1. Order of L65, L25, L169 from fewest to most other C-beta atoms within 10 Å?
2. Ranking E78, E46 by Cβ neighbours within 10 Å, fewest first, what do you get?
3. Of W22, W170, W103, how do they rank once you tally other Cβ atoms within 10 Å and put the fewest first?
4. Long-range amide H contacts for A84: which residues qualify at under 5 Å (H placed 1.01 Å from N, peptide plane, sequence gap of 5 or more or a different chain)?
5. Quick one: which residues, 5 or more positions from G165 or on another chain, have an amide H under 5 Å from its amide H? H modelled 1.01 Å from N in the peptide plane, none for Pro or chain starts.
6. Once phi is turned into ³J(HN,Hα) by the Karplus curve 6.51 cos²θ - 1.76 cosθ + 1.60 with θ = phi - 60°, what whole-Hz value does each residue of the stretch 151-165 show in order, with x for glycine and proline?
7. Can you tally the net charge around T166? Count Lys and Arg as +1, Asp and Glu as -1, for every other residue whose Cβ sits under 14 Å from the Cβ of T166.
8. Restricting the calculation to Cα positions, tell me the Rg (one decimal) and the Dmax (whole number) of the stretch 40-171 in Å.
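Each reported figure results from applying straightforward, stated rules to the coordinates on display, with no laboratory input. Note that the structure is a prediction, hence the values are computed from the model and not measured. Ideal geometry is used to build each Cβ from the backbone, glycine not excepted, and the neighbour counts take in all protein chains shown.
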Amino acid sequence: MDGMLDADDPLTMSGTSEEVAWSLLAQIDGLVQSLKASERVIQAQEAQLATALGVSIRHDEADALAGRLQESLHRASELTGSDAAALYLLDDTTSALKMRSCWGMPTSALTKPPRDLRGSLADLEALMGNAVLFEHTSLAPEWQCPGSYAAAMCVPIGSPTMPHGTLWLWSDYVRD
């Protein structure tokens, strides 16, 4: 039957007491709250790392920075008609890109390991100062667009003399 773990007759199945069910629900809620708190900490830490500062900032400042980064990604998404955005910064060896902030996707995306720069053609092209547009990402798999979106844009982040990373903007729909 739909919604049951066992296809046996429900009248012969042993039940769970209401007290045990409430206890399990409270434990599940505690796990969910712990996960959300961990995601907030990761988000704040990634925002702090995104600044590439050699000093530590206060926890409340890290939260504010994370919020500002998300707000900036949200604005960039709105201006381009995108559904999600992420900021990727180069590591110290310039061999990988780590997501430091995201908008329009689960915060858990920040826990993913860094993406290897080798073979990431779109990121490499953007790091050379060019914007890369994908009207239909599935038509260009060799460019290794991160995320499973229908369309994407990758633009460089950095100064005129030093690349720092890439900004990805994604759309759920093919663009033309």
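1. Details: L65 19, L25 10, L169 24.
Ascending number of Cβ neighbours within 10 Å: L25, L65, L169.
2. Values: E78 11, E46 23.
Ordered by Cβ neighbours within 10 Å, fewest first: E78, E46.
3. So the ranking, lowest neighbour count to highest, is W22, W103, W170.
4. W170
5. L90, I157
6. In residue order, the calculated couplings are 9, 7, 9, 10, 10, x, 10, x, 9, x, 10, 9, x, 10, x Hz.
7. Values: positive: K98, R100, R115; negative: D91, D116, D123, E125.
After counting each charged neighbour, the total is -1.
8. 14.2, 45
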